[in-house]
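Okay, so here's the structure we're looking at.
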Amino acid sequence: MLYLGYQKCFWWDMKNKEVFATFYLMDTVVSVRLSGKNVRRALKQIKKKLLWFSRYYSRYDDKGQVYKINAAAGRSFVRVDRKLLALLNKAVGLSNMTGGLFDVTVGPLMDLWDFKFAISPPSEEAIRKAKSFVGYRDIIIDEKNSAVMLKHPGQKIDLGGIAKGLATDECNKIIEKFKFAQGYINIGGNVSVIGSNPNGEPWKVGIRHPRRTDHLIGMVKLENKAIVTSGDYERFFDCQGVRYHHLLNPLTGYPGKAGLTSVTVIAENGCLADALSTAVFLSGIEKSRDLLKRFPETEAVIIDETENIYITKGLIDCFEVFDQTKITII
């Protein structure tokens, strides 16, 4: 079962042509397991790709493209590579389809809440001001010149809700190039499984219990899929008995309060699973039904505040729950 607890390690088996490595990149833990020829060469290319992502798609690295777009907000276009251009186009499309619940211009709100160091929520006035800078429609894309600009000074793109999903997809391209038939990559909980496990069975991907540390609430059997979980336990602080988590609703400026604690989305690609897990979390159980219908190739496991579990029909035969928890099919 895939469940990541970080301990830097590396091993490879020359006889069976298998490699496993755990390392830290993109500000998170990465775990890779591959079987086939040229496994060490492939791993080297995967690390190089992730290092590139961490530098050029980070909004904190002054050499990165996202940093430069934010620095030039309201003033000028910034030339970007075609991959970032395509990603921003996809992000705008997903924002439209989710009614703005997914929005990569949420940067000013993320800075304001500052979940790394905050111990209390910001003022209503500060939230209102930061929210005024949020709006995916203000991303201006010049396809001809491969350039991007934010409409107003102070606006900021933050790819935290989609970049790791894209990174898994890009690593999968490397895996496909080497024609590996078996393995997985896990980038901070953004998991992509290739083929079946060494026993010839589907991979078993564990889903963390949202309220019990180091405990799984269930698992999903998968082959050739991406799976991403968004939960209110990942980054948060408690203040006066209230949990304030990092899954901010761009429409309100506050952490999502839709009654959910965890959402896992399974899709054909990590980019979609990453963005949709956040949007479903913010939409709540009732609205999530309609939202998921817009993406018929996806499946989801949703956990509410009372630990009830909701799964989509496509997971009936491949989801297993570990506790005596009520399961509802949606």
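Straight-distance candidates among the aspartates and glutamates for linking to Lys49, with alpha-carbon spacing under 19 Å and chain neighbours fewer than 8 residues away dropped: Asp27, Asp61, Asp62, Asp81, Asp169, Glu170, Glu176, Asp274.
Based on Cα contacts under 8 Å between residues 6+ apart, the range 1-160 shows a relative contact order of 22 percent.
Our summary gives the range 168-282 a relative contact order of 22 percent, counting only alpha carbon pairs under 8 angstrom and 6 or more residues apart.
For the range 139-204, applying the loop criterion from DSSP together with a ceiling of 15 other beta carbons within 10 Å to the GluC sites (Glu not before Pro) yields Glu143. Structural descriptor for the chain: relative contact order 16 percent, calculated from alpha carbon pairs under 8 angstrom and at least 6 residues apart. Of the residues Ser123, Ser262, the one with the fewest other Cβ atoms within 10 Å heads the list, and the complete ranking is Ser123, Ser262. With all pairs of separate Cα atoms included, the range 124-226 yields a Kirkwood hydrodynamic radius of 17.3 Å. With charges only on Cβ, +1 for K and R and -1 for D and E, what is the dipole size of the chain about its Cα centre, in debye, rounded to 20? Value, rounded to 20: 1300 debye.
What percentage of all Cα-Cα pairs in the chain are separated by more than 39 Å?
In whole percent, the share of Cα-Cα pairs in the chain beyond 39 Å is 12.
Please give me, ordered by residue number, the trypsin sites (Lys or Arg not before Pro) of the range 180-212 that lie in loop per DSSP and have at most 10 other Cβ atoms within 10 Å. Nothing satisfies the criteria.
The numbers here are math on the coordinates, done by the rules we state, and not lab data. Bear in mind that the values here come from a model prediction, so they are computed numbers and not experimental data. Cβ: placed from backbone, ideal geometry, glycine included. Neighbour counts: every protein chain shown.
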